Amino acid sequence: MPISPLTAALDMLGRDSRLGTNASETVSYLMDLLYYGEFDILEQVSSGEAYERVNLIGTKGHEGHDEPLWLIGLFNSSADPAPSRWASLDGKAFSPRVDTAAGVIRGLGANAKLDVVLKILAASRFRLEELVRPVYIAAVSGEEAVGSGVRSLLASGPTPRGVALVGAPTNLELWADHPGCVTLRLELTRRLRHRRMPPSRGFFEVEVDGRSAHAQLGRGLGDDAIAAGLAVLSRLRAHGELRLLELEAGESANRVAGRCRMRIATSFDEMPDLGPGVVSRPIEDGAALPFPVGNLFKAWLRARDAGVAAIRERLGIPRNARGARPAVPVWTGHLKTHRNAVEGHLTFWTGPGVGVQEVCEGFAAAVQNALVGVEEVEVDIVVLQDRPPLAASEDDGPLRDLAKSAMRAAGLVPTVAAGTLTSDAGLLRAAGVPSLVFGPGRGAGDLYRDDESIPLAHIDAAYRFYVALIERWCTRRG
């Protein structure tokens, strides 16, 4: 092993563009680990509707008819949490460090990025001649909110073989079930026409603070800035006339929005007291301002609500295993106005047997019906990502049994469970690869927070587990 798991974890977290390093350094560091681990390396780049994705595939072992072990992990950080105080990091924004007193390692992306490093280090312990089955490491860009490179990985070559263990913060449990998800972008565009700014007395910028968290835990951990921003608009309308000029809120479709920023024109000169967490300031004279989008924004909300109401009961959530049933079936995590458009991103969590086409068609039909009579508005609905649900299968039996044996060898209780985070395991299983989910990290409660962390004990335990699993699947000692 060229480097200790803890040292590698800190090195990985330190390679973040928000720390002043080039974004490519994360990929370069992973390639170095693969090189020193004697892997053959393939770098794959693909462009999607909204994101560019990079995959690093490291292969080790003799190619043949034997089924490989795929160890798959993500290496992207998510958007910044809000607020971003990072008090637990002594004011060093995003800087990773070991918090011995709390028994954790802190840093942005800890619950995703560290897992793939541990997999590489575990596989690096084995010499090529020891392997009777190959081990493949796939470090794929993306995270739960934006999809990953697994689809391009599956599309780039022959039908994959073997078995797969997909990374996610499962609290060191083995997941055989989780829901699926479909993320849509709903955009309404108003055809260009001549407009004038209506007369107004006041022009203000309004900032509403929330607290970001995973949408499935938002009621307990997060404060939704989108909901708070809409409530602010309602209070202001009760105070006088108001025109919405601009709004931007939220970071991604699976998160409780941490911030909302608005520009408004009003019939009053002074803003009323809007309570804690809301700051308003006059817009300077001479500032360039967009035309009002209030009517278009109301149409977007009406269309969104109609679409959600039409599809909510068709998402199949009760078909998930009990532990895999999401508390929140639908979430709007991002809203943004443009000069003549309003767009928002929504995530729908799904159960077995519910496909992306069913979700899209039901949602789109209801949206169109809600906009009947609204003139000069065009509707665009785009699928940003979809992940099939994962449901326990007899095909996973051999992998599940070996994984439980590896957990015992690593000193873990061999727990097979279910969770509400989504992964790409369902995609792999649909492609014929038996797949399960496992990883360090306590779960969704630590995601998208300004004190994101992972227990130090998870680093060593996950590393030992991956070593034991590779030994059992890929060597004669297993």
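Out of all the residues in segment 348-393, which are within 18 Å of ALA425 (Cα to Cα) and either more than 20 Å from the chain's Cα centre (by Cα) or among the polar types (S, T, N, Q) (or both)?
Passing the criteria: THR350, PRO352, GLY353, VAL354, GLN385, ALA391, ALA392, SER393.
Give me the residue from segment 142-188 that is among the polar types (S, T, N, Q) and surrounded by fewer than 22 Cβ atoms within 10 Å (Cβ to Cβ) and, out of that set, nearest to VAL27 (Cα to Cα).
SER152
When both residues are 6+ apart or on different chains and their Cβ atoms are under 9 Å apart, which pairs have a first residue that lies in segment 211-227 and is over 27 Å from GLU246 (Cα atoms) and part of a helix (DSSP H, G or I), and a second that is aromatic (Phe, Trp, Tyr) and modelled with pLDDT of 90 or more?
What qualifies is GLN216/TRP331; GLN216/TRP349.
Spot the failing condition for ASN171; the list is (1) among the polar types (S, T, N, Q); (2) more than 18 Å from the chain's Cα centre (by Cα); (3) closer than 14 Å to ASP115 by Cβ, and only one is missed.
Unmet condition: (2).
Which ones in segment 422-439 are farther than 15 Å from GLY351 by Cα, of a type in the set (Gly, Ala, Ser) and crowded, with 23+ Cβ neighbours inside 10 Å?
SER435, GLY439
Test each condition in (1) within 35 Å of the chain's Cα centre (by Cα); (2) buried (at least 18 other Cβ atoms within 10 Å of the Cβ) for GLU313 and report the one that comes out false.
(2)
Say we look at segment 383-410 and pick out the residues that are modelled with pLDDT under 95, aliphatic (A, V, I, L, M) and not in a loop (DSSP other than H, G, I, E, B); which of these is surrounded by the fewest Cβ atoms within 10 Å (Cβ to Cβ)?
VAL383
In the list ARG263, ARG237, ARG243, ARG259, which residue meets the criterion of being among the charged types (D, E, K, R) and in contact with a Leu (Cβ under 8 Å, 6 or more places away or on another chain)?
Answer to the selection: ARG263.
Among the residues that make up segment 9-24, is at least one of them over 23 Å from ASP450 (Cβ atoms), at pLDDT 85 or above and not small (Gly, Ala, Ser)?
No, segment 9-24 has no match at all.
Quick check on segment 262-271. Is at least one of its residues under 29 Å from the mean Cα position of the chain (by Cα), assigned by TED's automatic domain parsing to the domain that holds ARG191 and touching a residue at least 60 places away in the same chain (Cβ under 8 Å)?
Yes, because at least one residue in segment 262-271 is under 29 Å from the mean Cα position of the chain (by Cα), assigned by TED's automatic domain parsing to the domain that holds ARG191 and touching a residue at least 60 places away in the same chain (Cβ under 8 Å).
Assess whether PRO134 counts as being within 15 Å of TYR466 (Cα to Cα) and either modelled with pLDDT under 95 or touching a Cys at 6+ places or on another chain (Cβ under 9 Å) (or both).
Here the answer is yes, as PRO134 does meet what is asked.
Kindly list the number of the only condition in (1) closer than 25 Å to ASN111 by Cβ; (2) modelled with pLDDT of 75 or more; (3) of a type in the set (Asp, Glu) that fails for ASP66.
(1)
Taking into account only those residues within segment 287-307 that are in contact (Cβ under 8 Å) with a residue 24 or more places away in the chain and under 13 Å from LEU233 (Cα atoms), which is surrounded by the fewest Cβ atoms within 10 Å (Cβ to Cβ)?
GLY294
So THR415 passes all but one of these: (1) in contact (Cβ under 8 Å) with a residue 60 or more places away in the chain; (2) surrounded by fewer than 15 Cβ atoms within 10 Å (Cβ to Cβ); (3) within 24 Å of the chain's Cα centre (by Cα). Which condition number does it fail?
(3)
Which residue out of GLU358, GLU376 is loosely packed, with under 14 Cβ neighbours inside 10 Å, in contact (Cβ under 8 Å) with a residue 24 or more places away in the chain and in contact with a Lys or Arg (Cβ under 9 Å, 6 or more places away or on another chain)?
GLU376 is the lone residue from the list that is loosely packed, with under 14 Cβ neighbours inside 10 Å, in contact (Cβ under 8 Å) with a residue 24 or more places away in the chain and in contact with a Lys or Arg (Cβ under 9 Å, 6 or more places away or on another chain).
The rows are residues; the columns are (1) among the hydrophobic types (A, V, I, L, M, F, W, C); (2) in contact with a strand residue (DSSP E or B) (Cβ under 9 Å, 6 or more places away or on another chain); (3) at pLDDT 95 or above.
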| position | (1), (2), (3) |
| --- | --- |
| LEU188 | yes, yes, yes |
| LEU192 | yes, no, no |
| ARG195 | no, no, no |
| SER200 | no, yes, no |
| PHE203 | yes, yes, no |
| VAL206 | yes, yes, yes |
| SER212 | no, yes, no |
| LEU217 | yes, yes, no |
| GLY222 | no, yes, no |
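Name the single residue that is nearest to TYR463 (Cα to Cα) among those in segment 5-24 being exposed (fewer than 15 other Cβ atoms within 10 Å of the Cβ) and out of contact with any Phe, Trp or Tyr (no Cβ under 9 Å at 6 or more places or on another chain).
Out of the qualifying residues, it is THR7.
Is one or more of the residues making up segment 157-166 more than 30 Å from CYS474 (Cα to Cα) and at pLDDT below 95?
Within segment 157-166, none of the residues are more than 30 Å from CYS474 (Cα to Cα) and at pLDDT below 95.
The values are calculated or read from the model by the stated rules, or taken from the named source; none is laboratory data. Note that the structure is predicted; figures quoted are calculated from it, not measured. Cβ sites come from the backbone with ideal geometry, for glycine too, and all protein chains shown count toward neighbours.
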